[in-house]
Amino acid sequence: MSGRARTVWTEQHSLVLFCVGAAVAAAFIGGGQTPVIGVGMIVLIVLTVGISLCVDGFVALCVGLVAAAIAVFLFKVEDVWGSDHFWTVLVAAVTMLVLCWVAGQLGSALRTIAQGKPQAGVGDAGVAPAVGSLGLLTRPSATVRLTEEIERAEASHTPLTVWAVTVRPTDSRLDAGAVTRLKRGVARLIESQARTSDVPFMVSDSTVGVILPATDSAAAWDVIGPIVDAAARSTFADRATGDRRQLSECAELHSGLVALDSGSTTAEDLIDAAVQAAGPPAYDRAGGR
């Protein structure tokens, strides 16, 4: 299980434990009063938590407000009221409110998993991020996504392009850590500056790919140009010298762009062509930029 998957798993367990703890606390508070309050609180907990698990966090918060009001009503009806019982009533009401909200969050998370929606580090290769790649998709994952985009582009007669950018260090004095930070910095910048419709992915530790739906070659270069310029001006930490260095001083960026056409009709063909175009030996010949 990946680190991210363990994090998701731990978060879900934490929500469950919190719900159990809050429910026990609310039941204990009610049980310490009159029998009617004790039974009423238990029934209220079971009913409202069950409802909250079936809705999202916001609706569950509304359910919690109703549950808190009912809890206060129980205390008032049983004459457990006044300044002597203020904190008891307040804690019971707040506990019900928070319990329902957390149950709503837990329910939403469980439904997301049950529906098979993408979870980082969970599921098959089609939804798993590349290890150590800042959460970007792996090449197999991107191939699945690109296949879908190709089918959509062919059905709607819209353009589709794939961009690849390779980072090639030129300063032999850079240690392995500096090279890793340099490459990760480029990947992070591309991911942050890509359009919401674009799909960045990791081809290798040195090459980042981006799927550009509904974008022809001319429009793609308009998108890519500012990103490449920003990447060239970006800096990274060179711990050997204790300074931040500009990428353009110690590395080259090689870009390759290919468009969907009759000659490249599969996802693998498009990715391979983009990577080849971004390769330093074929850089000029392949139309890199």
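The values are calculated or read from the model by the stated rules, or taken from the named source; none is laboratory data. This is a predicted model, so every value here is computed, not measured. Note: ideal-geometry Cβ built from the backbone for every residue, glycine included; neighbour counts use all protein chains shown. What goes into the accessible areas is simple: the full protein's heavy atoms, side chains included, and nothing from ligands, DNA or RNA. Shrake-Rupley method; radii C 1.70, N 1.55, O 1.52, S 1.80 Å.
Quick notes
- When each of Glu148, Glu154 is tested for being open to solvent by 40 Å² or more (accessible area, probe 1.4 Å), at pLDDT 90 or above and of a type in the set (D, E, K, R), the lone residue that passes is Glu148.
- Residues satisfying the stated conditions in segment 161-185, i.e. aliphatic (A, V, I, L, M) and either open to solvent by 70 Å² or more (accessible area, probe 1.4 Å) or in contact with a Ser or Thr (Cβ under 7 Å, 6 or more places away or on another chain) (or both): Ala164, Val165, Val167, Ala176
- Strands (runs of 3 or more DSSP E) within segment 196-289 that include 2 or more residues at pLDDT 85 or above and either open to solvent by 30 Å² or more (accessible area, probe 1.4 Å) or within 27 Å of Asp175 (Cβ to Cβ) (or both): 199-202, 207-213, 251-259
- If you check Val59, Val49 for being in a helix (DSSP H, G or I) and farther than 18 Å from Val94 by Cβ, only one passes: Val59.
- Boolean, Asp84 is surrounded by fewer than 17 Cβ atoms within 10 Å (Cβ to Cβ), outside the structural domain of Ser204 (by the TED database), assigned to a loop (DSSP other than H, G, I, E, B) and modelled with pLDDT under 85: no
- Pair list, Cβ under 8 Å, 6 or more apart: segment 141-157 residue over 9 Å from Ala267 (Cβ atoms), other residue of a type in the set (Phe, Trp, Tyr) and open to solvent by less than 70 Å² (accessible area, probe 1.4 Å): Ser141/Phe201
- Selection from segment 172-203 of residues that are touching a residue at least 24 places away in the same chain (Cβ under 8 Å) and more than 23 Å from Arg239 (Cβ to Cβ): Ile190, Glu191, Gln193, Ala194, Arg195, Asp198, Val199, Pro200, Phe201, Met202, Val203
- Each residue in segment 186-195 was checked for being surrounded by 23 or more Cβ atoms within 10 Å (Cβ to Cβ) and among the small types (Gly, Ala, Ser), and 1 pass.
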